[in-house]
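Report on one structure; see the data block that follows.
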Amino acid sequence: MTGKTETGGTEVTLSYEQARDELIEVVRRLEAGGTSLEDSLALWERGEELAKVCRRWLEGARARLDAALAEEEEEEGGEGAE
């Protein structure tokens, strides 16, 4: 699973941690205030992109965990059937 986002026409692959850390910084800057409306909107849009990247990473992790748990249940179920 990779989190990809478009930044200035260049595709950048972000890890979950990179996206999360940048999102934290975006939120910090928005909460601090002092930016123009245009800059605030740009930060908000970037935050939305980063949140989507994080969400995709977390959904991928959840799918992997669910698959591993299902496989484990199948193995346990198969042992008792013999």
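Considering (1) in contact with a Leu (Cβ under 9 Å, 6 or more places away or on another chain); (2) in a helix (DSSP H, G or I); (3) modelled with pLDDT under 95, say which one Gly77 fails and leave the rest.
(1)
Matching residues to (1) touching a Phe, Trp or Tyr at 6+ places or on another chain (Cβ under 8 Å); (2) farther than 26 Å from Leu14 by Cβ:
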site: Ile24; (1), (2): no, no
site: Leu30; (1), (2): yes, no
site: Leu37; (1), (2): no, yes
site: Glu45; (1), (2): no, no
site: Leu50; (1), (2): no, no
site: Val53; (1), (2): yes, no
site: Ala68; (1), (2): no, no
site: Glu74; (1), (2): no, yes
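Among the residues of region 11-26, count how many are of a type in the set (A, V, I, L, M, F, W, C) and open to solvent by 60 Å² or more (accessible area, probe 1.4 Å).
Counting residues in region 11-26 that are of a type in the set (A, V, I, L, M, F, W, C) and open to solvent by 60 Å² or more (accessible area, probe 1.4 Å) gives 1.
The values are calculated or read from the model by the stated rules, or taken from the named source; none is laboratory data. Since the model is a prediction, treat every value here as computed from it, not as a measurement. Neighbour counts are summed over all protein chains in view; Cβ atoms, including those assigned to glycine, are modelled from backbone coordinates with ideal geometry. Note: accessible area is taken over every heavy atom of the protein model, side chains too, but ligands, DNA and RNA are not part of it. Shrake-Rupley method; radii C 1.70, N 1.55, O 1.52, S 1.80 Å.
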